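Have a look at the structure below, then the notes.
The values are calculated or read from the model by the stated rules, or taken from the named source; none is laboratory data. Being a predicted model, the structure only gives us computed values, none of them experimental. Backbone-built Cβ (ideal geometry, glycine too); neighbour counts: all protein chains shown.
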Amino acid sequence: MRRRLRIAARDPLESLFDRLIKDPGWRGYRPEPNRVLLDANGLFVEGSGTTRSPHCSCVFHILAADESTAAAACARIMELLSPVLITEPAFTIEWHFVSSMGSHHHALIHELANDVLHDGAYPTLRGGVQAFIDAYLTAPESILVLQGPPGTGKTRLIRAILGAMARRQRDEETSAMFTGDERALTSDEFFVRFITGDSAALVIEDADHLLRPRSSGNESLHRFLTIADGVVRAQGRKIIFSTNLPNIGDLDDALLRPGRCFAHLQLRQLEPPEAEQLFALIRGNTGIDAGPPFTALSANARNYPLAEIYRAARVSHP
């Protein structure tokens, strides 16, 4: 029997694994700082993990002689780690990239679904952020295109969508394939993995090179069109692009076709009154009621990126 158990915890990874190897129910080994091996009659467990402050995440691959032994091992691991486990919904990013040697790799990154988005950060979203996310996740269309200059909240919105997926699938693991590496998309391996795997979403950041019209020589877009609603369908999974391309005309019309694309959002920086309102809201939510207005903390500008507003809210108090 083979089982996989993924957890996140507030303890450092080393302390987490130390809790496990001290248990007398199995023999524990630490071959590397980020790995643990647990061995018992009819049972072998390999655990590995990473630390991303303020939490760590790890995955345990459990090999057992029978189903009851596998279930008991999962239960015992959860019991030993229960004091430090993070029980909030989380999602896993499967980050794909190509090394300097030209080989395709991927790494797993465990993220908490705890992002808080304010409607004031996205004034172009009628009805608010949560209503938009709910509509997208229940829609039959798979594609979402987020277009706008850097600092307009594209990544924040993507994380919020993945977090909403995790909260909807509380009892199941939510994962998303991700890449911003153009080289990772030059072969069919990446797409076959998405089609045949169990990822809930495919996220392509900085996808300027992928979204240009095919008439301009874009040879990669046809793969996405195929899995969006072609012969091989995404089967309810979502495909999210973010791009810094400045003009709508820079995007291929086939990608934005109704029935294939749920929405094409053009995100923008905030105007001074909008920036002031969002700044006051963020600062108020952190318990900071006093302090100078946002425009007094920032260089004079016609419009303001979200990143600058959030940063100013964090440093506007002693």
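When each of 43, 38, 20, 13 is tested for being closer than 20 Å to residue 109 by Cβ and in contact (Cβ under 8 Å) with a residue 12 or more places away in the chain, the lone residue that passes is 13. Closer than 21 Å to residue 207 by Cα, of a type in the set (Asp, Glu) and either more than 14 Å from the chain's Cα centre (by Cα) or assigned by TED's automatic domain parsing to the domain that holds residue 238 (or both): does that describe residue 111? Spelling it out, it is not the case that residue 111 is closer than 21 Å to residue 207 by Cα, of a type in the set (Asp, Glu) and either more than 14 Å from the chain's Cα centre (by Cα) or assigned by TED's automatic domain parsing to the domain that holds residue 238 (or both). Residues of region 135-187 that are touching a strand residue (DSSP E or B) at 6+ places or on another chain (Cβ under 8 Å), charged (D, E, K, R) and within 20 Å of residue 96 (Cα to Cα): 154, 159, 173, 181, 183. The criterion of at least 1 residues that are among the small types (Gly, Ala, Ser) and modelled with pLDDT under 70 is met, among helices (runs of 4 or more DSSP H) falling completely within region 199-302, by 221-229, 294-297.
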